[in-house]
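The values are calculated or read from the model by the stated rules, or taken from the named source; none is laboratory data. This is a predicted model, so every value here is computed, not measured. Here the Cβ positions follow ideal geometry from the backbone for every residue, glycine too, while neighbour counts run over all protein chains shown. Remember, those area values only see protein heavy atoms, side chains included, never the ligands or the DNA or RNA. Shrake-Rupley method; radii C 1.70, N 1.55, O 1.52, S 1.80 Å.
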Amino acid sequence: MNKSLDKKNQKGSLAAVVLAAAITLTGCGQYASQFTALLTNQTNDSSAVQTEAGLETETAVDEMNRSGIYDSEDAAVVVRKDLEAKTVQFQNIASSRRYTLTYDGTTMIYDKNEQALSMEQLKEGSVVTVRFYKPRKALAYVRENPDCISYHHVNGYSMDLSKGTIALGKELYNISSHVVVVSGGRETDMMEVSQMDELSVWGYKNMIYGIHVEKGHGYLRLQNEDYFVNGWIDVGDSVIRKITEDMLLVVPEGTHTVTVSHKGSSATQEITFARNEEMAWDLGEVEITVVQKGTVIFTLNPVTAKVSIDGREVNVSKPVEIEYGLHQMRITADGYDTVAQYIRVGEPSANIAVELEKSEESSADKTSEKATDKTSNKNSDKNSDKEEQEKEDDDDDQTTSKKYQSKSSEPEEEDEDEEKEKKSSEHYLSSSEKYKVYIDAPDGVEAYLDGSYVGVTPVSFNKEPGSHVVTLRKSGYQTRSYTLQIDEEEKDVNYSFTDLIQLEDS
């Protein structure tokens, strides 16, 4: 009897013993250390056991889960939450390995300031510290990592996907090749992020690991737009484009005032755009205002500056009549930086005052010219003394010949430079027309380049270096857009995108 009781008590004691271990998070981009062992002689018996005090309690494992004890700690990105199944998927910062943990009411969730959060408030894309019990994949603790950088509800950023960088304010960050991007609860690709989207961003040091799209983008299609073709469309002052036939514009999510104008006539409509959804505006049903013009007085510095409106130069020495609506203004002057912006005319009279800034190149050229003049004067003085000496030596004829030969060669060098620039310019233009960007997949969808229709895939268009937005559309499917960073290499570029998602009600 005594031996049997001792064995029973010994089994219960061993099952309840937990070995203490210290865990240290070495940094946002490193693996955290793990417990070397948690239980010794862990029992598989799930029934209650007796402690030495004779009290009935849970097994050691159940007690550990109930009290939030864990055996692993990690630095990771939140990838996906399933509130019904009560699971969270994470991606390890260092290895990009993914794993899924379950949570319950005992799971502790905090922001970086240790303020309690609900699981609904925890953002996909955020970089967090995770503590969990590996054998049962049970999440004990999650907290937004205080050592990581974070930006919330950011606008006005700029991306260069060819270099893999994003500029947030004055700071430039690299984008991880395994960055987690989540929009509307769906994991997406970095190329699907529009620069008009509103983002929350998380990273460590100079690397971005997670992005949550707070506000995304939708699409606007104009119908019966013939009257307004070659006019302008303005969506909430964030999208300003010249109107073409069969347009499909990428527009910010939310409610915006949309205005179309042409030849002094305009129409305005307030439209709500949902994320990834397309809205159509039938311009054949709108009431078009009568053609009106406003008188604009320009005050310019320098006064010699030239002004063009919608590509046509205007005489600003007197008031200029401009049709109501949106117009593209460009102001130029020798030695000054060019000003190019949009102006809206909507009143009988208005004043526009613009002071141009002196070009840095112009200032540098003047400094260079002054230095050249001084050098020329010094050389001239030296040459003069030398010539006098040479005259005394009766070598003036030969020297004069050399001088004139040297002077006459300078214009030839300038002509060669101009010819090189001309050839370079012609070569660039021919390259632009010669090389193409091909959209190979998905097959049979409408393709739009920066809002303008280019055809049905597979399709191609001229290769123009820079940032461009390609939008893919098919009736009954969810429209998608991709930001492309087109390089300057003299070769064709091919893109293949994933199939569009069919809408549920189609």
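The residue that is most open to solvent (accessible area, probe 1.4 Å), among those in the range 204-224 that are among the polar types (S, T, N, Q) and in a loop (DSSP other than H, G, I, E, B), is Asn224.
For the range 479-497, residues that are closer than 23 Å to Met159 by Cβ, touching a strand residue (DSSP E or B) at 6+ places or on another chain (Cβ under 8 Å) and in a loop (DSSP other than H, G, I, E, B) total 3.
Restricting attention to the range 83-131, the residues being small (Gly, Ala, Ser), open to solvent by less than 70 Å² (accessible area, probe 1.4 Å) and more than 21 Å from Val181 (Cβ to Cβ) number 2.
Please indicate, with yes or no, whether at least one residue in the range 171-183 is outside any strand (DSSP E or B) and open to solvent by 50 Å² or more (accessible area, probe 1.4 Å). It would help to see each step written out before you state the result.
Filtering the range 171-183 for residues outside any strand (DSSP E or B) gives none.
No, the range 171-183 contains no residue that is outside any strand (DSSP E or B) and open to solvent by 50 Å² or more (accessible area, probe 1.4 Å).
Selection within the range 451-473: residues that are part of a loop (DSSP other than H, G, I, E, B) and open to solvent by 50 Å² or more (accessible area, probe 1.4 Å). The member of this set that is modelled with the highest pLDDT is Pro458. Between Glu313, Glu287, Glu321, the distinction of being closer than 21 Å to Trp232 by Cβ, surrounded by fewer than 18 Cβ atoms within 10 Å (Cβ to Cβ) and either in contact (Cβ under 8 Å) with a residue 60 or more places away in the chain or touching a Ser or Thr at 6+ places or on another chain (Cβ under 7 Å) (or both) belongs to Glu321 only.
Taking only the range 292-310 into account, find how many residues are open to solvent by 30 Å² or more (accessible area, probe 1.4 Å) and within 23 Å of Glu360 (Cβ to Cβ).
4
Of the residues making up the range 147-164, those that are closer than 14 Å to Trp202 by Cα and polar (S, T, N, Q) number 1. Are there any strands (runs of 3 or more DSSP E) wholly within the range 241-347 with 1 or more residues that are out of contact with any strand residue (DSSP E or B) (no Cβ under 8 Å at 6 or more places or on another chain), and if so which? It comes to 312-314. Taken over the range 432-449, the criterion of being touching a residue at least 24 places away in the same chain (Cβ under 8 Å) and either β-branched (Val, Ile, Thr) or more than 20 Å from Lys491 (Cβ to Cβ) (or both) is satisfied by Val437, Ile439, Pro442, Gly444, Val445, Glu446, Ala447, Tyr448. Which one is most open to solvent (accessible area, probe 1.4 Å) among residues in the range 230-247 that are in contact with a His (Cβ under 8 Å, 6 or more places away or on another chain) and within 19 Å of Thr272 (Cα to Cα)? In this case the residue turns out to be Ser238. Residue count for the range 132-144, restricted to those that are touching a Phe, Trp or Tyr at 6+ places or on another chain (Cβ under 8 Å) and either on the phi < 0 side of the Ramachandran plot or open to solvent by less than 20 Å² (accessible area, probe 1.4 Å) (or both): 9. With respect to being under 24 Å from Arg80 (Cα atoms) and touching a residue at least 60 places away in the same chain (Cβ under 8 Å), Tyr209 fits the description.
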